[in-house]
There are 4 protein chains.
Amino acid sequence: MNDITLSVAQKALEAAIKKAEELGTKMDIAIVDAGANLKAFVRMDGAWLGSIDIAIRKARTARFFDMETGEIGKLSQPGGPLYHIEHSNGGLITFPGGIPIRNSQGEVIGGIGVSGSTVENDHAVALAGVEAIRSLI
Amino acid sequence: MNDITLSVAQKALEAAIKKAEELGTKMDIAIVDAGANLKAFVRMDGAWLGSIDIAIRKARTARFFDMETGEIGKLSQPGGPLYHIEHSNGGLITFPGGIPIRNSQGEVIGGIGVSGSTVENDHAVALAGVEAIRSLI
Amino acid sequence: MNDITLSVAQKALEAAIKKAEELGTKMDIAIVDAGANLKAFVRMDGAWLGSIDIAIRKARTARFFDMETGEIGKLSQPGGPLYHIEHSNGGLITFPGGIPIRNSQGEVIGGIGVSGSTVENDHAVALAGVEAIRSLI
Amino acid sequence: MNDITLSVAQKALEAAIKKAEELGTKMDIAIVDAGANLKAFVRMDGAWLGSIDIAIRKARTARFFDMETGEIGKLSQPGGPLYHIEHSNGGLITFPGGIPIRNSQGEVIGGIGVSGSTVENDHAVALAGVEAIRSLI
């Protein structure tokens, strides 16, 4: 699979929602395609309004650099090599919760971004989404 | 129901996708809540990339003015009373495909926006989404 | 070929520049990939500064809707079905000069946008770019 | 030469691509003219999508201040004299990878920006581009 399909994206969203419920959290969850364009999005009832944009930016940031958003955030601190990279691309989000989606050949075919709780929970929910579709792509 | 739930939004999306498939079209479909904030979004495989933004703007425009987007477009023509209203709110889309979602008391609790084909098809798919959830809200 | 390569994009740019020179014009020429992301760009010496942005937007607009930009412009006039579609996607350009790039299976794998002269010349230069790579993709 | 020509810009791009290949990296490479306006751009196959914008901003930032981007970054840290200068000009990038292009009289006639790997590699590729055209301008 070269680019994520809607069917696969929806399975990732379902798994992410399930994980969010297990954690007792309310999340905004976004999936982008290989071109970093929005493919699917859901906001769970009661999830933060401000997390709509953050979830989408996390998904896009993860695909922009084929890297988990939290990894970029480690490099963009004051004194770090990528300080203030967040000013590019109309605004990046570089804390955890965004993960690239790779097919079985290791090629990036999209990204998932989650926002609505602690960054640890955001990351866990994103990971649940990615893992649920691993065997399908 | 004062505000659309994710469960209801997903039913609207399913019905809209079904209608889009019946029409042989590929659509971007967005649903916003009572606050005009994105609730759910899907892009069917092969649907136009440029319609991501248009579908979301149609849904928001419909909720912004509690009116079908095509009705606003009739008023925004040269010489019309709302000429160039599209410049407001960061950019409106005022051709058909956006419909407010009303509960059984007639209160607007969200909006749906569809883009990806002719404006007639866009409107038909949005309408299918709205009608599918009428009895639930 | 699912997505345009740099090698192919450069061949399209060369052919477009050659055509621009034959016409005695100075052009800005942009190529985007299947995801509507910039792949390659050149500004001929003396070409308009304002056409940098227009060339890029034409290429993106053509890929956004898999359609020549001039076709969209016919539909976006006052009274037309897509009136003011230009307000979407951060600003579209809907006059001629943008053409989608299709592979031998008819799939869109990118877009070319040209700006710097009359729209007729812009279109002719874009077309020269597309035709030069037809046998390669 | 008062302003970089397309011919010279293309030679810089070729040399930069060659260096990127030697380093085993995939880069986005942008060149701006004396007016800080985009002159030429290439994205190598597989290079990061998020680096399109960063490469262009690095090239512009280098020309905006006639200084290597990394030098500005040293001054923009918390407590530094140019703290948060990145907020100006619609967003600057101030880590290494952007270098002003000077003619034989030492006048700045453009800038190059490279993004796609470590900042050390980005800088090395930008430098290779600048050095390749030194005798021509």
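The values are calculated or read from the model by the stated rules, or taken from the named source; none is laboratory data. Note that the coordinates shown come from a computational prediction; the quantities given were computed from them, not determined experimentally. Cβ: placed from backbone, ideal geometry, glycine included. Neighbour counts: every protein chain shown. The area values use the complete protein model at the heavy-atom level, side chains included, leaving out ligands, DNA and RNA. Shrake-Rupley method; radii C 1.70, N 1.55, O 1.52, S 1.80 Å.
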Portion, in percent, of the accessible area of region B:6-136 that falls on carbon or sulfur, probe 1.4 Å: 51 percent
Simple Cβ-charge dipole of chain C, Lys/Arg +1 and Asp/Glu -1, about Cα centre, in debye nearest 20: 100 debye
Inverse mean reciprocal Cα-Cα distance (Kirkwood Rh) of the protein assembly as shown, Å: 24.0 Å
Accessible area of B:His87 in the full protein assembly, 1.4 Å probe (Å², nearest 10): 120 Å²
Simple Cβ-charge dipole of region D:1-56, Lys/Arg +1 and Asp/Glu -1, about Cα centre, in debye nearest 20: 80 debye
Helix-only mean residue ellipticity at 222 nm for the protein assembly as shown, each DSSP H run of n ≥ 4 adding -39500 (n - 2.57), per residue, nearest 500: -13000 deg cm²/dmol
FRET efficiency for C:Ser7 and B:Asp66, using Cβ-Cβ distance with R0 set to 56 Å, rounded to 0.05: 0.60
Approximate spin-label separation A:Ser104-D:Lys18, in nm, with each point projected 7 Å along Cα-to-Cβ: 4.2 nm
For B:Asn2, label point 7 Å along C-beta direction: distances to other copies, nm: 4.7, 5.0, 6.7
Per-peptide average of other Cβ atoms within 10 Å, ordering A:18-31, A:106-119, D:56-69 highest first: D:56-69, A:106-119, A:18-31
Cβ neighbours within 10 Å from other chains - mean over D:6-14: 2
Pairs beyond 31 Å (Cα-Cα), from B:Lys26/C:Lys39; B:Lys26/B:Lys74; B:Lys74/C:Lys19; A:Lys74/D:Lys11; A:Lys18/B:Lys19; B:Lys26/C:Lys74: B:Lys74/C:Lys19; A:Lys74/D:Lys11
Under 16 Å from the Cα of D:Lys58 - aspartates and glutamates, other chains or at least 8 residues apart: A:Glu86, D:Asp28, D:Asp33, D:Asp66, D:Glu68, D:Glu71, D:Glu86, D:Glu120, D:Asp122
Inter-copy spacing of D:Glu107 label points, which lie 7 Å from Cα along Cα→Cβ, given in nm from shortest upward: 4.8, 5.0, 6.9
Residue-level accessible surface for D:Tyr83, protein heavy atoms, 1.4 Å, Å²: 110 Å²
Average partner coverage of C:83-95, which counts Cβ from other chains inside 10 Å: 6
J(HN,Hα) series, region C:26-39, from Karplus relation 6.51 cos²θ - 1.76 cosθ + 1.60, nearest Hz, glycine and proline x: 10, 10, 9, 9, 10, 10, 10, 8, 4, x, 6, 9, 4, 10
Rounded to the nearest 20 debye, dipole of the protein assembly as shown from Cβ charges on Lys, Arg, Asp, Glu: 0 debye
Cα centroid separation, region B:40-98 to region C:64-136 (Å): 22 Å
Across the identical copies, how the A:Asp53 labels are spaced - nm, sorted shortest first, 7 Å along Cα→Cβ: 1.3, 1.6, 2.1
10 Å Cβ neighbours from other chains, averaged over peptide A:42-48: 5
Equivalent ellipsoid semi-axes, chain D, via Cα gyration tensor eigenvalues times 5, rooted, Å: 21, 18, 12
Axis proximity, chain B to D: residue whose C-beta lies nearest, plus whole-Å distance: B:Leu49, 7
For chain A: relative contact order, % (alpha-carbon pairs under 8 angstrom, 6 or more apart): 31 percent
